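Right, one structure below, let's go through it.
The values are calculated or read from the model by the stated rules, or taken from the named source; none is laboratory data. All values reported here derive from a predicted model rather than from experimental measurement. As a convention, Cβ positions derive from the backbone with ideal geometry for all residues, glycine included, and neighbour counts pool all protein chains shown. Keep in mind that these areas ignore ligands, DNA and RNA; they rest on the heavy atoms of the full protein, side chains included. Shrake-Rupley method; radii C 1.70, N 1.55, O 1.52, S 1.80 Å.
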Amino acid sequence: MRGYFGIVMFGILAYCEGELQVGFYAKSCPKAEQIVLDVVNQHIHNAPSLSASFLRMHFHDCFVRGCDASVLLNTSTSGNQTERTATPNLTLRGFDFIDRVKSQVEEACPGVVSCADIIALVARDAIVATGGPSWKVPTGRRDGTVSIAQEALNNIPPPTSNFTNLQTLFANVGLNLKDLVLLSGAHTIGIAHCPSFSNRLYNFTGLGDQDPALDTEYAANLKSRKCTTPNDNTTIVEMDPGSRKTFDLTYYSNLLKRRGLFQSDSALTTNSATLSTINHLLTSSLDNFYAQFAISMEKLGQINVITGSAGQIRNHCGLVNT
C-alpha cells in the first residue's frame, strides 16, 4: 500500500511542480500576495475562528475536482446544484471574506489572480495570523467552471467515516496515511455542529446506543452540556476541548484518550500505521508537527490543479465568466 501511495503522489507532484511556483505573480501582479496578507491581518483578529473555516474551505475545495475554487461557485440551476449546497459545505463560512480579498486584488490587477490561489493563500495566512504553522503556497492555479453537489458528497471525507473510507478518499487524491493523520490535526482548532457526531452519542448502530469507542465520561459531558438532544442543530462544540484556539498537539493526545469528537477522528487509532504516526508526533516537538503539517498542506494545495491556459481567471469568485 505504501508503494501505491508513493507512486500516485509522485505523479501528482511531478506534474504540479512544473506548473505552480512560489511567486507566480511576481511580474503580472507583484503586490497580489501582500494584498491578500494585508486583508487577512486587518480582519482575521475580529473573527479568529474563521482561520479554521478557511482551512476547511481549502480542504473541501481540493478534494473535489482539485484546488480549482469550484467550492465558491453559487450559481445553482434546476439541472444542477453546486458544491456549496452539498451537506458537507452547508456549514462553511467565509465566502464574503474571500470575495472581499478578490475585489481588492482585482482593483490592483484585473483578471490576473485566480480565486483558487486566493483560497490557498488566505488559508495559510489566516492560520499564521492566529498563531499556527506556515507553509509554502506555490501559485498559478486557475479556476474551474464546473461545480456539482453530488461530487462533494462523494469525495469529501464525512465525519462518520471509518478508517477504510478515509484511506480510500485520501488515496483517491494522492494523499497517504501520514497525510491523513497530519491533515486531521487541523481539528486542533475550530468548532463542530452536533449533527456531525450526535449518532455516536445516541444511535450509533441504529439501536439507540452509544459508540463504544468514545470515552464514556466525555460522551456523558457532551450529552449533558452540549448536544442534549439527538436533533440539536444549533449548538456548536469545540473540536479540541480547552485548546481550540491554539494550534497544538492536544488533538492527538485526546485521540489516545478516546476523546476524538468525530468517528473519523477515532478511526485514526484503529490502524497500526496511523496510530504509530500519532505516537511519534506526541513524542516529538511542536516544531516537528508544524514542519510535517506544512509538507502535507503543500501536497493538498497541489491536488489536480488547473494551470496554463486551461480553466479561467474568474472575475467574481461565485460566478463563471460568461
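Brief remarks on what is shown
- Test for T234: is it modelled with pLDDT under 95, farther than 15 Å from T160 by Cα and either of a type in the set (V, I, T) or crowded, with 20+ Cβ neighbours inside 10 Å (or both): yes
- Looking only at residues of the stretch 242-251 that are under 15 Å from D215 (Cβ atoms) and touching a residue at least 40 places away in the same chain (Cβ under 8 Å), we find that the one that is most open to solvent (accessible area, probe 1.4 Å) is T250.
- Here T75 qualifies as open to solvent by 20 Å² or more (accessible area, probe 1.4 Å), modelled with pLDDT under 95 and not basic (K, R).
- Any hit, the stretch 80-97, residues being at negative phi, of a type in the set (D, E, K, R) and in contact with a strand residue (DSSP E or B) (Cβ under 7 Å, 6 or more places away or on another chain): no
- On the stretch given as the stretch 99-131, residues that are touching a helix residue (DSSP H, G or I) at 6+ places or on another chain (Cβ under 7 Å) and crowded, with 21+ Cβ neighbours inside 10 Å total 14.
- In the stretch 252-294, the residues that are β-branched (V, I, T) and in contact (Cβ under 8 Å) with a residue 12 or more places away in the chain: T269, T270, T274, T277, I278
- Only residues that are open to solvent by 40 Å² or more (accessible area, probe 1.4 Å) and closer than 30 Å to L255 by Cβ were counted across the stretch 293-322, and they come to 3.
- Qualifying residue in the stretch 183-202 (condition: more than 16 Å from the chain's Cα centre (by Cα) and assigned to a loop (DSSP other than H, G, I, E, B)): yes
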